[in-house]
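**Student:** The structure is given below, and queries will be raised subsequently.
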Amino acid sequence: MDVTVCRPGELTAAERAVWTSLQAKAHLNGAPQLGNPFLAPEFALAVARCRSDVRIAVVRGADGEPAAFFPYQRTAFGVGRAIGLGLSDCQGLVHRPGFAFESGELLRACGLSVWEFDHLAAEQPGFGGHATASFASPVIDLEGGFEEYASQLSARSASFYRTTRYKDRKLGRRVGEVRYVHDERDPAMLRVLMAWKSAQYRRTGRSDRFAKRWIVHLLHQLFHTRSDSFAGRLSVLYAGSAPVAAHFGLRSERVHTCWFPAYDPQFAQYSPGLVMHLRMAEAAAAEGVHQLDLGRGEKAYKESLKTGDLTVHEGWASRAHPVALGHRARRVPLRALRNTVQTTPALYRPADRLLRGVGALRTARAGEREGRQREHTDHTDDSGAAGARAPEAERPDTSRGDRG
């Protein structure tokens, strides 16, 4: 196997062109999932600008031309992860038709003892046998256009479609004219979206992804990444002048991923997230997108919107190596427990209630802290409103760096 490992920025223009071409033709070659934007070179480059552990394996065929591209992250000890593991919704190699490989040989060439994945695409001839679990990943099929999708949705659940459209009109009547911007270029709205999403994570007791600076940096990188075959896409639903829902995802030629949706809770009665998704589907279909990938996860809104499911896999490909054994021994029990809870309603519901209770407590405490900070600020502003300095005895002693 002829494998060259490099950093994403070291890829030549010709290699990137081959990679993009393989994705553009994937649906014609019976491997449509390989056209997902999470498998694009632009995504790998964006992650590499935020992290130093990203590598690309370029596998060449007998003709000396690139036959496959394998993006991954690697620790100093040779533990490999799918690029963007925990964030990316599609993982694996992008390869030409008929390409076959042996996973152990590829891992050895990459200096990996193990490679972990949680959203492996179906078309992975060398990694598929290493899956430990498989999951449905709901999608919206737009190949026939939005009207055909709307007809299918209405036929399957007339009340859902009718109610969502009614709430769209109701939002316009009570709040202000509803306006949907499919490609919002104001970076301030990206910050609004991340603030909404962070608050949602806290309310529901989940870990706040945007507390990690590299993820915030990544979204800004992707927001400014645009080409004919790839773009970071911020979409916003407005009512009057107020943003009420927003979404950030990625777009390739045929696929638009639904990645980070959020809304302003004060407008929850109008289901702004659902309204936005229907408008997003309509706009995506109009620009030639054939599929909205809603991402793995059993959520009620996904079940209501979807027309079908893809299959993604999680697991580990590994070599006989002590590091691989140790990594799997540490990770397997945690992943198995998480999957059991998430796929068992009798366990998931009480776990979700517990997390939401923790989130409510955490949100209340944060509100109390903000309230105390505002009171302190108001007091300080009042005491110095006319620009006068406080009497010497009333000013805190800062000579030892004590800021209270």
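The values are calculated or read from the model by the stated rules, or taken from the named source; none is laboratory data. Just so it is clear, the structure is predicted and the values come from calculations on it, not from any experiment. Note: ideal-geometry Cβ built from the backbone for every residue, glycine included; neighbour counts use all protein chains shown. These area figures cover heavy atoms from the full protein model, side chains too; ligands, DNA and RNA do not enter into them. Shrake-Rupley method; radii C 1.70, N 1.55, O 1.52, S 1.80 Å.
**Student:** Taking the condition within 23 Å of ARG49 (Cβ to Cβ) and either open to solvent by 50 Å² or more (accessible area, probe 1.4 Å) or part of a helix (DSSP H, G or I) (or both), does PHE248 pass?
**Tutor:** Here the answer is no, as PHE248 does not meet what is asked.
**Student:** Looking only at residues in the range 183-193 that are part of a loop (DSSP other than H, G, I, E, B) and surrounded by fewer than 18 Cβ atoms within 10 Å (Cβ to Cβ), which one is nearest to the chain's Cα centre (by Cα)?
**Tutor:** So, considering only residues that are part of a loop (DSSP other than H, G, I, E, B) and surrounded by fewer than 18 Cβ atoms within 10 Å (Cβ to Cβ), the one nearest to the chain's Cα centre (by Cα) is ASP183.
**Student:** Also, quick follow-up: In the range 108-123, what residues are under 22 Å from TRP259 (Cβ atoms), assigned to a loop (DSSP other than H, G, I, E, B) and open to solvent by less than 10 Å² (accessible area, probe 1.4 Å)?
**Tutor:** Scanning the range 108-123 gives a single hit, ALA121.
**Student:** A follow-up question, please. Open to solvent by less than 20 Å² (accessible area, probe 1.4 Å), within 20 Å of the chain's Cα centre (by Cα) and among the aromatic types (Phe, Trp, Tyr): does that describe PHE38?
**Tutor:** yes
**Student:** For the range 139-169, give me each residue that is open to solvent by less than 40 Å² (accessible area, probe 1.4 Å) and either over 29 Å from the mean Cα position of the chain (by Cα) or closer than 20 Å to HIS290 by Cβ (or both).
**Tutor:** Residues satisfying the conditions are VAL139, ILE140, LEU142, GLY145, PHE146, TYR149, ALA150, LEU153.
**Student:** Given the criteria assigned to a strand (DSSP E or B), polar (S, T, N, Q) and on the phi < 0 side of the Ramachandran plot, does SER235 qualify?
**Tutor:** yes
**Student:** Turning to a different aspect of this structure: Taking the range 41-56 only, how many residues are open to solvent by less than 20 Å² (accessible area, probe 1.4 Å), among the small types (Gly, Ala, Ser) and more than 18 Å from SER21 (Cβ to Cβ)?
**Tutor:** 1
**Student:** If you don't mind, there's one more thing I want to ask. If I filter the range 63-84 down to residues being assigned to a loop (DSSP other than H, G, I, E, B) and over 19 Å from ARG251 (Cα atoms), which single residue comes out as most open to solvent (accessible area, probe 1.4 Å)?
**Tutor:** PHE77
**Student:** While we're looking at this one, here's another question. State which residue is farthest from ALA242 (Cα to Cα) when the search covers only the range 262-281 and only residues that are free of Cβ contacts under 8 Å to residues at least 60 places away in the same chain and touching a His at 6+ places or on another chain (Cβ under 9 Å).
**Tutor:** HIS277
**Student:** Now for a separate question. Do any residues in the range 13-33 that are in contact (Cβ under 8 Å) with a residue 40 or more places away in the chain have Cβ atoms under 7 Å from those of residues that are outside any helix (DSSP H, G or I) and open to solvent by 60 Å² or more (accessible area, probe 1.4 Å), where the two are at least six apart or on different chains, and which pairs are they?
**Tutor:** LEU22/ARG96; ALA24/GLU253; HIS27/ARG254; ASN29/PRO97
**Student:** Across the range 90-107, which residue is farthest from the chain's Cα centre (by Cα) among those that are surrounded by fewer than 24 Cβ atoms within 10 Å (Cβ to Cβ) and closer than 16 Å to GLN33 by Cα?
**Tutor:** Once the filter is applied, the top-ranked residue is GLY98.
**Student:** Moving to a separate point now. Could you please tell me which pairs satisfy a Cβ distance under 6 Å, a separation of 6+ or placement on different chains, a first residue in the range 232-257 that is under 26 Å from LYS170 (Cβ atoms), and a second residue that is among the acidic types (Asp, Glu) and open to solvent by 10 Å² or more (accessible area, probe 1.4 Å)?
**Tutor:** Note: pairs meeting the criteria are LEU234/GLU184; VAL236/GLU184; VAL244/ASP264.
**Student:** Can you confirm whether the range 187-194 contains a residue that is among the β-branched types (Val, Ile, Thr) and touching a residue at least 24 places away in the same chain (Cβ under 8 Å)?
**Tutor:** Among the residues of the range 187-194, at least one is among the β-branched types (Val, Ile, Thr) and touching a residue at least 24 places away in the same chain (Cβ under 8 Å), which makes the answer yes.
**Student:** Can you tell me which of (1) modelled with pLDDT of 95 or more; (2) open to solvent by 60 Å² or more (accessible area, probe 1.4 Å); (3) among the small types (Gly, Ala, Ser) is the one ALA26 doesn't meet?
**Tutor:** Only one criterion in (1) modelled with pLDDT of 95 or more; (2) open to solvent by 60 Å² or more (accessible area, probe 1.4 Å); (3) among the small types (Gly, Ala, Ser) is unmet by ALA26, namely (2).
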